[in-house]
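Contents: one structure, followed by commentary.
The values are calculated or read from the model by the stated rules, or taken from the named source; none is laboratory data. Remember, it's a predicted structure, so these values are computed and weren't measured experimentally. Cβ placement follows ideal geometry from the backbone for every residue including glycine, while neighbour counts extend to all protein chains displayed. The area values use the complete protein model at the heavy-atom level, side chains included, leaving out ligands, DNA and RNA. Shrake-Rupley method; radii C 1.70, N 1.55, O 1.52, S 1.80 Å.
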Amino acid sequence: MAQGDGIDLCIIGAGPAGIAAAQRAAARGLRVVLVEAGEFGGVAHNWGALPAQALAAAAERAHQIRTARDVGLGTDEPRINFARVNARIRAMIEEAAPTVSPEHLNGRGIEIVKGKARFTGPAALDVDGRLIKASHFLIATGSRPVVPEIPGLDGVPFFTPETIFELTRRPSHLIVVGAGATGLALAQSHLRLGAQVTVVEMLEPLAGEDTELVDIVLRRLRAEGLELHMHTGIVSIAGSDDEEITLDIKAGPDEEQITGSHLLVATGREADFEGLGLEDARVRMQGRRPALARFGRTSNRRIFIVGDAAGHDGVHAARHSAELAVDAITGSASGEGLVPRIVHTSPAIAWVGMTEAGARAAFKDRFEIVRMALAQTDAARARAQPHGHAKIILDSAGRVVGAGVVGTTAPELVPVFALAIARKMNLSELGGLTVPYASFAQIIQLAAAEYAASHPQARPAGWRRVLKRLLP
């Protein structure tokens, strides 16, 4: 049991952020203790991002069968067995479990403590009656679903994004409350797996994302049969004897009812600090959240908060924030880097760097936007996947400062733009890269050519110049 002096870092939470921090710290030679009260791997591994991707993969296969005529094949309605889909998800989680298991982590030199943690002072943690003292603490307790106060909701059965994977029978009509990234992705997966799906959103769908890219996603979802009510409030929710769920909704003066078989509430997440005793740790709060400085530092110099608990969105962002915090603890932090934002619909949205609104605030009118449709690539033609485009933000010198892509391969394309931003490359230099044929990466060269056509002084750079920009 780890207690007393000599512990360099105690991490609370063994989700993606906590595990990433533990592995990085152990690799740096720190004595690390990792505390977890529940399942290792956290929500993302067991009930969140990983099972959602597995469900989306099954839905994508069903969609490909249904749309096979697009590539000249015969089509049929796919035969979907929800129990088998559910079993495959659970099997996949078990298959990935060894990489986040206590045994694996212990083999990396990380000491494991199982139990509920609570601070008893600014440098002391109680774990089920056992005291842990450490030079630094890192809180990676993740987040939990927000359940809104809607009249009647507590009187009907409903799912959250963490419990929806318990379904072993296809819902005949799934009603989703919330059109954020999670709500829309889960709605589309169930739609493609044969359910009727209705989404109700009080505000804008995918609020905070670029509206150009969002519009493309919403058009595709509606084309696939999704019923979407936006700017719509829920007056009340009620159940019936035949186990149907009815929502009374209102959009402006118009009121109507929606009746479905199942209800999913996907209205966001909030940091989970329940029972952690942050007040005893002398962590200053701003409202209900801790006040955080760079790298997740709190007002207590020993304590850092990372991952979902610090407001980062996505597994990749959570891991990145955790590694940066360890770098700060060890005195090796240099910068925060670029973290892409991803929306896992189909087509997906990926964005990195400055947005159009951010560019307008920073540069006024001294910036440009280059847009290029994915349909212009040969890969899109060959694969019958024409939907989507790239939107590239350039400063007055033609350097890439932000970029977004909507398309099936958006998450794979956006790291190229992230590299261009980090290396301060202009679009002409980026267009000088040789990309495989046929790939959606051709959109980079097409965008560069589009830019060069209206800027005669911009010419693609030779490979030596590009290589010099890429190398440190």
Distant-in-sequence amide H partners of residue 176 (H built 1.01 Å from N, under 5 Å) = 198, 199, 200, 264
query = At a probe radius of 1.4 Å, what is the per-residue accessible area of residue 154, in Å² to the nearest 10?
reply = 150 Å²
ask   = Mind ordering 54-64, 6-16 by average Cβ neighbours within 10 Å, highest first?
value = 6-16, 54-64
ask   = Can you give the Rg to Rh ratio of segment 382-465, both from alpha-carbon atoms, with Rh computed by the Kirkwood formula?
value = 0.95
note = Computed ³J(HN,Hα) along segment 143-152: with the Karplus parameters 6.51/-1.76/1.60, θ = phi - 60°, integer Hz and x for glycine or proline, the list is 9, 9, x, 8, 10, x, 8, 10, x, x
task = Could you tell me whether segment 329-386 comes out rounded, prolate or oblate from its Cα gyration tensor? Rule is a ≥ b ≥ c as square roots of the eigenvalues, rounded for a/c under 1.5, then prolate if a/b exceeds b/c, otherwise oblate.
result = oblate
key: Protection proxy ranking, peptides 77-83, 368-374, average beta carbon neighbours within 10 Å, highest first   = 368-374, 77-83
query = Counting only complete DSSP H runs, which helices of the chain cover 24 Å or more along their long axis at the Cα atoms and score a mean Kyte-Doolittle of -0.5 or above?
reply = 49-66
query = Expressed as a whole percent, how much of the Cα-Cα distance distribution for segment 58-147 exceeds 20 Å?
reply = 66 percent
ask   = For the pair residue 396 and residue 356, what calculated FRET efficiency results from E = 1/(1 + (r/R0)^6), where r is the Cβ-Cβ distance and R0 = 22 Å, to the nearest 0.05?
value = 0.90
message = What's the magnitude of the charge dipole for the chain around its Cα centre, counting Lys and Arg as +1 and Asp and Glu as -1 at the beta-carbon? Answer in Debye, nearest 20.
response = 2280 debye
remark   = At the level of C-alpha centres, the distance separating segment 4-52 and segment 146-175, in angstrom, is 30 Å
For segment 266-304 and segment 407-431, distance of Cα centres in Å = 34 Å
Taking the C-alpha atoms of the chain, convex hull volume expressed per residue in Å³ = 179 Å³
For residue 137, distant residues with modelled amide H under 5 Å away = 10, 303, 304
key: Range of Cα positions in segment 296-342 per principal axis (Å), largest first   = 32, 21, 12
key: segment 119-252 - Kirkwood radius from inverse mean 1/r over Cα pairs (Å)   = 17.6 Å
message = Viscosity 0.890 mPa s, temperature 25 °C: what is the translational diffusion coefficient of segment 22-82 from Stokes-Einstein with a Kirkwood Rh over Cα pairs, rounded to a whole number of µm²/s?
response = 160 µm²/s
message = Taking amide H atoms as placed 1.01 Å from N in the peptide plane, list the residues 5 or more away in sequence, or in a different chain, whose amide H sits under 5 Å from that of residue 47.
response = none
inquiry  = Quick check on segment 219-347: what are the equivalent-ellipsoid semi-axes from the Cα gyration tensor, as sqrt(5λ), descending, whole Å?
reply    = 41, 21, 13
Percent of alpha-carbon pairs separated by more than 22 Å within segment 1-129 = 51 percent
task = Along each of the three principal axes of the Cα atoms of segment 357-402, give the extent in whole Å, ordering the values from largest to smallest.
result = 39, 18, 12
ask   = How much of the DSSP beta bridge set in the chain is antiparallel, as a percent to the nearest 5?
value = 65 percent
Three principal axis lengths of segment 289-408 [C-alpha, angstrom, descending] = 54, 34, 27
query = Among 91, 54, 44, which residue has its Cα positioned farthest towards the positive end of the charge dipole of segment 43-138, with +1 placed on the Cβ of Lys and Arg, -1 on the Cβ of Asp and Glu, and the dipole taken about the Cα centre?
reply = 44
